[in-house]
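Chemist: Sharing a structure with you now.
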Amino acid sequence: MENREDVHILAIESSCDETAASVVKNGRQVLSNIISSQIDLHTLYGGVVPEIASRKHIEKINQVIEEALKEAGVTLEDITAIAVTYGPGLVGALLVGVSAAKAIAFATGKPLVGVHHIEGHISANYIENKQLEPPFACLVVSGGHTHLVIVKDYGEYEILGCTRDDAAGEAFDKVARAIGLGYPGGPKIDKLSKEGNPDAVKFPRAKVDGSDYDFSFSGLKSAVLNYLNSCEMKGIAVNRADVAASFQEAVVDVLVEHSLHAVKAYGFDKFAIAGGVASNSSLRAAFETACSSQKIAFFHPSPVFCTDNAAMIGVAGYYEYIKGTRSGYDLNAIPNLRLGER
């Protein structure tokens, strides 16, 4: 579908605890990216409370959309289409964004484009890496997802592997809670581990029988909890920084090993990471080193585009829009939506 005019996508993201809106021009230029985070609120409970998240989205959604339009210097008249995350995520949270997007599309007569949240994370790589184009391999690591994906083309994916139990970010949160760091676990473990010795405690590196590309982190999480309980029973003082560093190293080792195995097996010379855990400094450094030694071009978004945001949804929405994807007013939230499904 050829379109010589500029395409402005108004994007909405509300899958978890960030209410976000963005205006993206021609798929790669972010004109605004407004994020209202609820982290302080959920920290009180040690994790995201779905009901509270949904209520906060309702309070913030209109303000965030208005601010995104204002910062971009456009009106709804200038918008070509409305893109919105419709899954996966928390069903109540998703419904707020989907309802807002449908209302705007209906009121303006503009096309509506439903976007997969993980497709958004992958597409975040296009924002700052203008030269990046499919095909390439991508590792998506976040609180709810650990996916190793082949990006065959814009909007076309093949899942090579995913977690069989806990996602990497979920394991970070649970271990952080166990060593008394609190929520959100990922950034806190990343920070504390810089003071620790990653070789202090030997934690397991899990492999899944019969699958080179699947992940499993629940055994590692249990090993950390067992180590902490054992120390407590024996009256041994725990060095939290060493535990954090050793745990993080175990996660990073598995993510890097599986990913590079896939890149080599499929003959790619490009590899990208995405999702909240992709902002982890140790993970980035390990991939920088590994990809450099194998002559593989390594791509990653800036931290602001790794965590949930609407700019990434606008980018994914643009490529879906020009491909001809359109959603009806019956678009619904699908909390367990698989990548590649519509």
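Chemist: Between Ala262, Ala285, Ala245, Ala290, which is more than 19 Å from His116 (Cβ to Cβ) and without any contact (Cβ under 8 Å) to a residue 24 or more places away in the chain?
Modeler: Ala285
Chemist: May I pose another question? Taking the residues in the range 269-292 that are among the hydroxyl-bearing types (Ser, Thr, Tyr) and modelled with pLDDT of 95 or more as candidates, determine which candidate is farthest from Asn129 (Cα to Cα).
Modeler: Top of the filtered list is Thr289.
Chemist: For the range 165-173, does any single residue satisfy the condition of being over 22 Å from Met312 (Cα atoms) and either touching a Lys or Arg at 6+ places or on another chain (Cβ under 7 Å) or without any contact (Cβ under 8 Å) to a residue 24 or more places away in the chain (or both)?
Modeler: yes
Chemist: Could I ask something else about it? Scan (1) within 30 Å of Gly182 (Cβ to Cβ); (2) in contact (Cβ under 8 Å) with a residue 60 or more places away in the chain; (3) in a strand (DSSP E or B) for the single condition Ser36 breaks and write down its number.
Modeler: (2)
Chemist: Let me ask you something else. Kindly evaluate Ala278 against the criterion of being aliphatic (A, V, I, L, M) and touching a Leu at 6+ places or on another chain (Cβ under 7 Å).
Modeler: No: the conditions fail for Ala278.
Matching residues to (1) among the basic types (Lys, Arg); (2) touching an Asp or Glu at 6+ places or on another chain (Cβ under 9 Å); (3) within 23 Å of Cys138 (Cβ to Cβ):
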{"site": "Gly186", "(1), (2), (3)": "no, yes, yes"}
{"site": "Ser193", "(1), (2), (3)": "no, yes, no"}
{"site": "Val208", "(1), (2), (3)": "no, yes, yes"}
{"site": "Ala223", "(1), (2), (3)": "no, no, no"}
{"site": "Lys234", "(1), (2), (3)": "yes, no, no"}
{"site": "His261", "(1), (2), (3)": "no, yes, yes"}
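To keep it simple, each residue is scored yes or no on (1) touching a residue at least 40 places away in the same chain (Cβ under 8 Å); (2) not in a strand (DSSP E or B).
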| site | (1), (2) |
| --- | --- |
| Ile12 | yes, no |
| Cys16 | yes, yes |
| Lys56 | no, yes |
| Glu59 | no, yes |
| Glu71 | yes, yes |
| Val98 | yes, yes |
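Chemist: Now a separate question. Given the residues Ile104, Ile118, Ile150, Ile122, which is the only one that is in contact (Cβ under 8 Å) with a residue 12 or more places away in the chain, surrounded by 23 or more Cβ atoms within 10 Å (Cβ to Cβ) and either in contact with a helix residue (DSSP H, G or I) (Cβ under 9 Å, 6 or more places away or on another chain) or assigned to a loop (DSSP other than H, G, I, E, B) (or both)?
Modeler: Among Ile104, Ile118, Ile150, Ile122, only Ile122 is in contact (Cβ under 8 Å) with a residue 12 or more places away in the chain, surrounded by 23 or more Cβ atoms within 10 Å (Cβ to Cβ) and either in contact with a helix residue (DSSP H, G or I) (Cβ under 9 Å, 6 or more places away or on another chain) or assigned to a loop (DSSP other than H, G, I, E, B) (or both).
Chemist: Condition first: among the small types (Gly, Ala, Ser) and buried (at least 21 other Cβ atoms within 10 Å of the Cβ). Now tell me which residues in the range 37-89 satisfy that.
Modeler: Correct list: Ala53, Ala68, Ala72, Ala81, Ala83, Gly87, Gly89.
Chemist: I would also like to ask the following. Which one is farthest from the chain's Cα centre (by Cα), of the residues in the range 21-45 that are at pLDDT below 75 and not aliphatic (A, V, I, L, M)?
Modeler: Tyr45
Chemist: Check Asp199, Asp166 and return the single one that is acidic (Asp, Glu) and either in a strand (DSSP E or B) or modelled with pLDDT under 90 (or both). Show your work before the answer.
Modeler: Numbers: Asp199 fails: either in a strand (DSSP E or B) or modelled with pLDDT under 90 (or both).
After applying the criteria, what remains is Asp166.
Chemist: Would you mind telling me which numbered condition in (1) among the charged types (D, E, K, R); (2) more than 28 Å from Ile39 (Cβ to Cβ); (3) surrounded by fewer than 17 Cβ atoms within 10 Å (Cβ to Cβ) Glu195 fails?
Modeler: Looking at each condition in turn, Glu195 falls short on (2).
Chemist: Oh, and also: Of everything in the range 74-102 that's of a type outside the set (A, V, I, L, M) and touching a strand residue (DSSP E or B) at 6+ places or on another chain (Cβ under 7 Å), which residue is farthest from Ser14 (Cα to Cα)?
Modeler: Asp78
The values are calculated or read from the model by the stated rules, or taken from the named source; none is laboratory data. Keep in mind it's a predicted model, so treat the numbers as computed, not measured. Neighbour counts are summed over all protein chains in view; Cβ atoms, including those assigned to glycine, are modelled from backbone coordinates with ideal geometry.
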